[in-house]
Amino acid sequence: MNNKPKFELISKYENDKGLIPFRSTKSAAGYDFKSAEDITIPPFKDTHKVYLIPTGVKSFMPDGVCLQLVNRSSNAIKRGLVNPNGYGLIDADYYNNEKNEGHIMFPVINIQSDPYDVKKGDRICQGVFLPYITTQDDDKQVKNKRTGGFGSSDNQ
């Protein structure tokens, strides 16, 4: 098996190959993720709610690699959509988790006064694969197994 990261579609979107993230230019670090569905994002001032935009994508990553999701610069400026976390971090063990297959979703809030309609196929965020290192004491720490999706490690 190749030990490089790989994007795949979750079962619900398995026939929608156009959702697989891609780099827009040869030197781009980020892979553009698209929305898998139409979704209306109401203004945050009205709902005080964070919305998750489904991408239909999961990602295999080898140990020592994570996927960082960042907002596209045009989202805030042109659409009023911002990621309330600043960025998202997808761990390798999120892939194929039993709760949601490792479905990558991008959280946003709408800082504009009007609702914003995200259309299926709109580019919504970028993902950058990053290597990481662990401490020398890492093997002594508890090694819980991921059993769920968003926020599941808080339950361990």
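The values are calculated or read from the model by the stated rules, or taken from the named source; none is laboratory data. Because the structure is predicted, anything quoted here is derived from the model rather than measured. Cβ: placed from backbone, ideal geometry, glycine included. Neighbour counts: every protein chain shown. Just so you know, the surface numbers come from the protein's heavy atoms only, side chains and all, with ligands and any DNA or RNA stripped out. Shrake-Rupley method; radii C 1.70, N 1.55, O 1.52, S 1.80 Å.
In Å², and per residue, what accessible area does the chain have when probed at 1.4 Å with the other protein chains present?
Result: 61 Å² per residue.
Could you identify which residue out of N75, N15, N96 has the top mean-square fluctuation in a GNM of the chain using Cα springs shorter than 10 Å?
N15
Over the chain, what is the mean sequence separation of C-alpha contacts under 8 Å (at least six apart), divided by residue count, expressed as relative contact order in percent?
Relative contact order comes out at 31 percent.
(1) 20.2, 60; (2) 17.9, 57; (3) 16.3, 51: which one is Rg and Dmax of the Cα atoms in Å as calculated from this entry?
(3)
Using a probe of 1.4 angstrom, how much of the accessible area of the chain is carbon and sulfur, in percent?
After summing per-atom areas, the C and S share lands at 48 percent.
Set the bar at 28 Å for Cα to Cα. Now go through K26/K119; K12/K45; K6/K99; K4/K26; K26/K99; K49/K99 and name every pair that lies beyond it.
K12/K45; K26/K99, as the Cα separations exceed 28 Å there.
Note down the net charge around E101, summing +1 for each Lys or Arg and -1 for each Asp or Glu among other residues with Cβ under 12 Å from its Cβ.
Residues near E101 contribute 0 overall.
What is the magnitude of the charge dipole of the chain about its Cα centre, with +1 placed on the Cβ of each Lys and Arg, -1 on the Cβ of each Asp and Glu, and no other charges, expressed in debye to the nearest 20?
Value, rounded to 20: 420 debye.
What does the charge dipole of the stretch 50-114 about its Cα centre add up to, to the nearest 20 debye, if the Cβ of each Lys and Arg holds +1 and the Cβ of each Asp and Glu holds -1?
Dipole size: approximately 360 debye.
Could you give the size of the charge dipole of the stretch 88-141 about its Cα centre, using +1 on the Cβ of each K and R and -1 on the Cβ of each D and E, expressed in debye and rounded to the nearest 20?
Computed about the Cα centre, the dipole is about 300 debye.
Name the residue farthest towards the positive end of the dipole of the chain from the options S24, V65, N75, assuming +1 on Cβ of Lys and Arg, -1 on Cβ of Asp and Glu, about the Cα centre.
It is S24.
Can you classify the stretch 7-51 as rounded, prolate or oblate using the Cα gyration tensor, where a ≥ b ≥ c are the square roots of its eigenvalues, rounded means a/c under 1.5, and otherwise it's prolate if a/b beats b/c and oblate if not?
Taking the square roots of the gyration eigenvalues as a ≥ b ≥ c, the stretch 7-51 is oblate.
In nanometres, what is the gap between the two model label sites at K4 and T47, each 7 Å from Cα along Cα-to-Cβ?
A separation of 3.8 nm, rounded to one decimal place.
Looking only at the stretch 112-133, which residues have a backbone nitrogen under 14 Å from a spot 7 Å from the Cα of S73 in the C-beta direction?
Taking a point 7 Å out along Cα→Cβ of S73, the residues of the stretch 112-133 whose backbone N falls under 14 Å are 126.
Could you calculate the FRET efficiency of D91 with T40 from 1/(1 + (r/R0)^6), where r is the beta carbon distance between them and R0 is 35 Å, rounded to 0.05?
For R0 = 35 Å, the calculated efficiency reads 0.70.
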